[in-house]
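Participant: Structure provided below as structure tokens; questions to follow.
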Amino acid sequence: LTEVLEHEQDLPSRTPDGHDMPLMVNTGLVVDAVAQLKRRISGVGLYRTEVPFMVTERFPGEQEQTRLYRDQLESFAPLPVVMRTLDIGGDKDLPYFPIEEANPFLGWRGIRVTLDHPEVLMVQLRAMLRASQGLDNLQVLLPMVTNVDEVDDALKLLDRAIVELGEEGVSVPRPKVGVMIEVPATLYQLDALARRADFFSVGSNDLTQYLLAVDRNNPRVAELYDACHPAVLSAMASLAREAKRLDRPISVCGELAGDPAGALLLMGMGFDALSMNAPSLPRVRAAIRRVPLEGARDLVEETLRLDTPGEVRHHLAERLGGWE
Ligand code: PEP
Ligand code: MG
């Protein structure tokens, strides 16, 4: 199927009725064929910084991180690159920084870890800022935010890093800062978050896990884990609406965005961009090029009336036919 769709890949991600749906990629390590990829996307929607940290033997130092980040920023410039601060804990462990907990997904994860270790976060922010010098395409994303003051604390560190670097003769503008929406509590704090953040990025993988109280990696409950659960879809629709009201761009960087039916639903809900693993791009682009925005909106309306994940899946398969 991917080969069949290959000829469309240099065509715009645009619906038959002329709506542009920006597609972005999720990255971690080195990206293949960047020149070709760059023509086909609107930027990097999620650079998972923990990925390079997983293949080193200790926390990479500021120089090393600067090189890594420079490589990403330069490869994709002038397109934006959204760099997420270290998101370890949960299922993502660093061999040199083990975290032993009874409930890792409810424990020390993401920004909780890096705010408890500001020295780690400072090195990372300094490296990102240094790497961005002269490029102007860095955006910073904060993972696993639960409380608004976590954003305040991270922004204080960011501002301090900018001042420090200025004193060292490295002058950089303040990058846009986004908050990941993946802890259900943030759904109810969007106004306060919007006063602090420039954009939102929905982590539908964790949001699904936490809304449904289903461990995303436990095979015993794998059948219950479904981003097409009516509650998850209803949350997503409400997020898109609220972000519009608050005038903040909102995108999705979880797996739902890389699923053709999921992508159409998210487009119909009004998300501004979809970020996915590169191999998902062809099928998502093909779906967008075949369904008018109006059709996607109808699909959302129909789907939100259904009661069970099974009914949603069935309806999507029926409406989207063979290539879904
Ligand atoms: C998510 O939770 O949806 C997400 C994009 O982040 P990660 O999968 O890295 O937790
Ligand atoms: Mg996540």
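Participant: Can you classify the stretch 84-127 as rounded, prolate or oblate using the Cα gyration tensor, where a ≥ b ≥ c are the square roots of its eigenvalues, rounded means a/c under 1.5, and otherwise it's prolate if a/b beats b/c and oblate if not? Walk me through the numbers before you get to the answer.
Facilitator: Numbers: a/c = 2.24, a/b = 1.90, b/c = 1.18.
It is prolate, given that a/c is not under 1.5 and a/b is the larger ratio.
Participant: Just to be sure I understand the rule: take each whole DSSP H helix in the chain, project its Cα atoms onto its long axis, keep it if the span is 18 Å or more and its mean Kyte-Doolittle hydropathy is at least -0.5. Which ones pass? Before the final figure, lay out each step's value.
Facilitator: Working: long enough: 62-76 (21 Å, -1.73); 118-131 (19 Å, 0.69); 148-167 (29 Å, 0.13); 230-245 (22 Å, 0.19).
TM-like helix candidates: 118-131, 148-167, 230-245.
Participant: For the pair GLU223 and LYS244, how long in nm is the line joining their label points, each one 7 Å along Cα→Cβ?
Facilitator: 3.7 nm
Participant: Nearest 0.05, what FRET efficiency do LYS156 and HIS7 give at R0 = 56 Å with Cβ-Cβ as r?
Facilitator: Plugging the Cβ-Cβ distance into 1/(1 + (r/R0)^6) gives 0.65.
Participant: How compact is the stretch 186-254 by the rule of thumb for globular proteins, expressed as Cα Rg over 2.2 N^0.38 Å? Let's see the in-between values first.
Facilitator: Details: Rg = 13.0 Å, N = 69, 2.2 N^0.38 = 11.0 Å.
Here the Cα radius of gyration is 1.19 times the empirical estimate.
Participant: Continuing with this model, one more query. Which of rounded, prolate or oblate describes the chain when judged by the alpha-carbon gyration tensor and an a/c cut-off of 1.5? Mind showing how you got there, number by number?
Facilitator: Working: a/c = 1.73, a/b = 1.39, b/c = 1.24.
Prolate shape, in that a/c is at least 1.5 and a/b is the bigger ratio.
Participant: Would you mind working out the magnitude of the charge dipole of the stretch 132-215 relative to its Cα centre, with +1 at each Lys and Arg C-beta and -1 at each Asp and Glu C-beta, to the nearest 20 Debye?
Facilitator: On the way: 6 positive and 14 negative charges, 45 e Å.
With Lys and Arg at +1 and Asp and Glu at -1, about 220 debye.
Participant: For the stretch 167-217, which trypsin sites (Lys or Arg not before Pro) are in a loop by DSSP, counting at most 13 other Cβ atoms within 10 Å? Before the final figure, lay out each step's value.
Facilitator: Working: sites: LYS176, ARG195, ARG196, ARG216; in loops: ARG195, ARG196, ARG216.
Passing sites in the stretch 167-217 are ARG195.
Participant: Kindly provide the GluC sites (Glu not before Pro) of the stretch 34-79 that DSSP labels as loop, not H, G, I, E or B, and whose Cβ sees at most 12 other Cβ atoms within 10 Å. If you can, show how the numbers build up before the last one.
Facilitator: Details: sites: GLU50, GLU57, GLU62, GLU64, GLU74; in loops: GLU57.
Loop-located and lightly packed - GLU57.
Participant: Now for a separate question. Using the basic label-point model (7 angstrom from Cα toward the beta carbon), what is the GLU100 to ARG67 distance in nanometres?
Facilitator: Spacing of the two 7 Å Cα→Cβ label points: 3.4 nm.
Participant: Counting only residues 5 or more places away or on other chains, whose amide H sits under 5 Å from the amide H of ILE88 once H atoms are built in the peptide plane?
Facilitator: Hits under the 5 Å cutoff: GLY110.
Participant: On to the next question. Please give the length that would be gained between ASP191 and ARG290 if that part of the chain were fully extended, namely 0.36 nm times their separation in residues minus their C-alpha to C-alpha distance (nm, one decimal).
Facilitator: Values: separation 99, 0.36 × 99 = 35.64 nm, distance 3.53 nm.
Full extension from ASP191 to ARG290 adds 32.1 nm.
Participant: Rounded, prolate or oblate: which fits the stretch 226-275, taking a ≥ b ≥ c as square roots of the Cα gyration tensor eigenvalues, rounded meaning a/c under 1.5, else prolate when a/b beats b/c? Could the numbers behind the result be given before it?
Facilitator: On the way: a/c = 2.11, a/b = 1.36, b/c = 1.55.
Oblate is the answer for the stretch 226-275, as a/c is 1.5 or above yet b/c matches or exceeds a/b.
Participant: Would you mind computing, in nm to one decimal, how far apart the modelled labels at ASP20 and GLU57 are, each placed 7 Å from Cα along Cα→Cβ?
Facilitator: Taking the simple label geometry, ASP20 and GLU57 are separated by 4.8 nm.
Participant: How compact is the stretch 1-155 by the rule of thumb for globular proteins, expressed as Cα Rg over 2.2 N^0.38 Å? Don't skip to the answer; put the middle values down first.
Facilitator: On the way: Rg = 17.5 Å, N = 155, 2.2 N^0.38 = 15.0 Å.
In units of the 2.2 N^0.38 Å rule of thumb, it is 1.17.
Participant: Subtracting the Cα-Cα distance from 0.36 nm times the residue separation, let me have the gained length for ARG174 to ASP93 in nm, one decimal.
Facilitator: Details: separation 81, 0.36 × 81 = 29.16 nm, distance 3.00 nm.
Roughly 26.2 nm would be gained on extension.
Participant: Report the gain in length on full extension from ASP298 to ASP136: 0.36 nm times residue separation, minus Cα-Cα distance, nm rounded to one decimal. Don't skip to the end; give the middle numbers.
Facilitator: Values: separation 162, 0.36 × 162 = 58.32 nm, distance 3.86 nm.
Full extension of this stretch gives 54.5 nm more.
Participant: Given that compact globular proteins tend to follow 2.2 N^0.38 Å, what is the ratio of the alpha-carbon Rg of the stretch 103-152 to that value? Could the numbers behind the result be given before it?
Facilitator: On the way: Rg = 12.8 Å, N = 50, 2.2 N^0.38 = 9.7 Å.
Cα Rg divided by the expected 2.2 N^0.38 Å: 1.31.
Only the coordinates and a few stated rules stand behind these numbers; no lab work does. Keep in mind the model is a prediction, meaning the values are calculated, not measured. For neighbour counting, all protein chains shown are included, and Cβ atoms are generated from backbone atoms with ideal geometry for every residue, glycine included.
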